[in-house]
Amino acid sequence: MEPKLIELTLTAIQNLKADLDVDIPDKLVGDFALIDELDSMDLVNLIMETERLLESELGRYVALADDSTFDASESPFRSLLAWQEYVCEQSRNR
Amino acid sequence: MNLLVLSDAVSKPIFRRSPSHPWENVEFEFDAVDQFEASLLQASHDAVLILLSPLTFGHAGASELFDDRLCGLLSAAERYMQRTSGALFLNMISFQDSVSSQNQLVERTRWASKINERIMNFSERHPHSVVLVQGSAWCPSIFNGQSLNHRSYGVMRAPFDASSIKVINAKYHDAFVAHFHPKKKIIFCDADNTLWGGVIGEDGVDDIVISQDYPGIHYLRLQQFLLECKNNGVLLALITKNNLKDIEEVFSVRNMPLKLQDFIEVRANWQPKSENILSVLQVLNIGASSGLFIDDNDFELQEVRGAIDEIEVVKIESRAVIPPHIMLASHPNLYATHVTDEDRVKHQTYENAKTRQAFSDSSETYEEFLTGLEIVLTVSCNDRNSIPRIAQLTQKTNQFNLTTLRCSQADIESMMDAGAVYSFRIKDRFGDMGVVGVIAVVSNVTEVFLLSCRAFGRRIEHAMLSYVRAKSESAVFGRYIESQKNGIAHKFCCENGDESSLGEIADGCCFEWVLESAAMHATHITIVEEV
């Protein structure tokens, strides 16, 4: 996975720390279950913040929301690692 | 201040603080998507911000359904405003959808116009509480769908992309500031290369540039904008390093939107501009923070900013991508959410004040001056027509304001229902100053007691107090709450309040007003009761 994009996903989470209604640990581990810890509004917030940072970094828009995003079994939010892999994959595909 | 945000789209990611849009002193609360009516019927917030996305209300596919939705929303909003003293921020929509024919284009554009007509009518019924935001600012034409993300809207009701989010946040933030923060009272204008292109002293009167063609058109538009500001109650002062006779010649020879008499003060000389500005502020008794200085010259801007801390300075660049009149039009402290009758005559009111001052300077004694003014104080009690002006005075008056209680129109209405709200209109031989004083008595306490600084120095406040005290069958108590700027009010309390009634006249305390002292000082004023 590309280190810059990994860093970006963590930056997005940290940027939202003040806005989110949950305690996000300072050091996140790969199996941190975003979909369990954050409510749907927070997840939308996270998608939009990550999209914003991606657009700024890559110079193009990368869509991160699709039908699977909020599906508990398939969601890229099932873990931090899954989310990071998803972001990298979506960035490559566009 | 607590602010409830309602939308048919996910709104939390939109309204975030940034250095340019800090949303100072605001606590946001975001309700679930599409809960307009339910939320409005229960809301008790200081303000409600409604964001209508074009993908919902701009879609004319089911027009009757959305007609009902809009009616329901506006009806619930009406009840929120009746129940609270809150303000409501609401955008007008722009049509945003794909069409298959010109017929559909016309039909749907007409549909969006119909919705906006309803929204505008609603705002006109509540001119002091409803603030409109331009929805077209973040919705470009249907041929450029970049501002709207249809996929995100479908998946998570988040249709706005990063660029439109910035614009939405900015537009609502500026509307919020325009409504709740004091407007600038005066604009100090440079002349050469600001009001016209060129330098009079070098190019001559005939060769300065102001016309319908580029770049003269931008100077023309800027002057038109400044004239609109003047008509909205903002004073203009001309501060220029030129000979006065050259300035007079320009305004008499060239046909421009602004005339020399549109400026309340003209300082055409070679002194530092900061000195001229400070002098004007002193003459008009206006604080520096209420002023805005515009100039094209970096040196002048820096000089003024360095000498006068609180004044705001703006650089004018006529050839900038964003022309000066557009840039200034987006300044939230110049935007008038509501213009009162007093605003419209503000310039004349200050002209009258200058004449008054000249009379004062020519009077031998202060008593002679006061008597010579022939002051008539017209008092109204619980006049519902004056509510907007009374509320405006509570928001703007800082110095002679005993409690600095900021009241909405609903607050004033409540005080009228519970007690007596006296509004005082002042006329003298030099003109009518309009309603400039307010005393609100609730349960025998003057919860609001203020006088516009324009009316200082004539013992109007003594006459006001004397009248109110005489109207009451029992003792009337005053309340003083200290602020940064109302030291003069504290002095008045000490001179006219009875310290022995409830202790020292300190911050927050009540004391009894003493009638005799006030009445003695106001014998030169004729009081008339408005029936």
*Out of all the residues in region B:118-157, which are more than 27 Å from the chain's Cα centre (by Cα), at pLDDT below 75 and either surrounded by fewer than 17 Cβ atoms within 10 Å (Cβ to Cβ) or more than 14 Å from chain A (Cβ to nearest Cβ) (or both)?*
B:Cys139, B:Pro140, B:Ser141, B:Ile142, B:Phe143, B:Asn144, B:Gly145, B:Gln146
*Tell me the strands (runs of 3 or more DSSP E) entirely within region B:402-497 that contain at least 2 residues that are modelled with pLDDT of 90 or more and crowded, with 23+ Cβ neighbours inside 10 Å.*
B:420-428, B:431-442, B:445-451
*Verdict on B:Ala489 being touching a residue at least 24 places away in the same chain (Cβ under 8 Å) and within 28 Å of B:Ala288 (Cβ to Cβ)*: yes
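What number of residues within region B:366-401 satisfy the criterion of being closer than 18 Å to B:Pro127 by Cβ and assigned to a helix (DSSP H, G or I)?
Residues of region B:366-401 that are closer than 18 Å to B:Pro127 by Cβ, as a first pass: B:383-396.
Subsequent filtering for residues that are assigned to a helix (DSSP H, G or I) retains B:384-396.
Selection size over region B:366-401: 13.
Which residue, of B:Phe95, B:Phe160, is among the hydrophobic types (A, V, I, L, M, F, W, C), modelled with pLDDT of 80 or more, more than 27 Å from the chain's Cα centre (by Cα) and buried (at least 19 other Cβ atoms within 10 Å of the Cβ)? It would help to see each step written out before you state the result.
Values: B:Phe95 fails: modelled with pLDDT of 80 or more.
Among B:Phe95, B:Phe160, only B:Phe160 is among the hydrophobic types (A, V, I, L, M, F, W, C), modelled with pLDDT of 80 or more, more than 27 Å from the chain's Cα centre (by Cα) and buried (at least 19 other Cβ atoms within 10 Å of the Cβ).
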*If a residue has to be more than 32 Å from the chain's Cα centre (by Cα) and either exposed (fewer than 15 other Cβ atoms within 10 Å of the Cβ) or among the basic types (Lys, Arg) (or both) to count, how many in region B:364-386 make the cut?*
6
*Just one of B:Glu64, B:Glu29, B:Glu37 is of a type in the set (Asp, Glu), over 27 Å from B:Lys166 (Cβ atoms), modelled with pLDDT of 85 or more and more than 23 Å from the chain's Cα centre (by Cα); which is it?*
B:Glu37
*Sole exception among (1) assigned to a helix (DSSP H, G or I); (2) within 11 Å of another protein chain (Cβ to nearest Cβ); (3) under 16 Å from B:Ser152 (Cα atoms) for A:Gln90, by number*: (2)
*Is it the case that B:Glu317 is of a type in the set (Asp, Glu) and either buried (at least 18 other Cβ atoms within 10 Å of the Cβ) or outside any loop (DSSP other than H, G, I, E, B) (or both)?*
no
*asked:* Looking only at region A:70-80, how many residues end up being facing another protein chain (nearest Cβ under 8 Å) and either crowded, with 19+ Cβ neighbours inside 10 Å or part of a helix (DSSP H, G or I) (or both)?
replied: 0
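Could you tell me which residue of region A:41-65 is surrounded by the most Cβ atoms within 10 Å (Cβ to Cβ), considering only residues that are part of a loop (DSSP other than H, G, I, E, B) and either more than 9 Å from the chain's Cα centre (by Cα) or at the interface with another protein chain (Cβ under 8 Å from one of its Cβ atoms) (or both)? So that I can check it myself, show each step before the final result.
Our first condition is that a residue be part of a loop (DSSP other than H, G, I, E, B); within region A:41-65, this holds for A:59-65.
Among the residues that remain, those that are also either more than 9 Å from the chain's Cα centre (by Cα) or at the interface with another protein chain (Cβ under 8 Å from one of its Cβ atoms) (or both) are: A:59-63, A:65.
Details: A:Gly59: 7, A:Arg60: 9, A:Tyr61: 16, A:Val62: 17, A:Ala63: 16, A:Ala65: 21.
The selected residue is A:Ala65.
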*Every residue from region A:29-40 that is buried (at least 16 other Cβ atoms within 10 Å of the Cβ) and among the aliphatic types (A, V, I, L, M)*: A:Leu34, A:Ile35, A:Leu38
*If you take the residues in region A:6-23 that are aliphatic (A, V, I, L, M) and out of contact with any helix residue (DSSP H, G or I) (no Cβ under 6 Å at 6 or more places or on another chain), which one is surrounded by the most Cβ atoms within 10 Å (Cβ to Cβ)?*
A:Ile13
*Selection from region B:460-472 of residues that are touching a helix residue (DSSP H, G or I) at 6+ places or on another chain (Cβ under 7 Å), closer than 14 Å to B:Leu377 by Cα and not hydrophobic (A, V, I, L, M, F, W, C)*: B:Glu461, B:His462, B:Ser466
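The values are calculated or read from the model by the stated rules, or taken from the named source; none is laboratory data. The structure displayed is predicted, hence computed values, not measured ones. For neighbour counting, all protein chains shown are included, and Cβ atoms are generated from backbone atoms with ideal geometry for every residue, glycine included.
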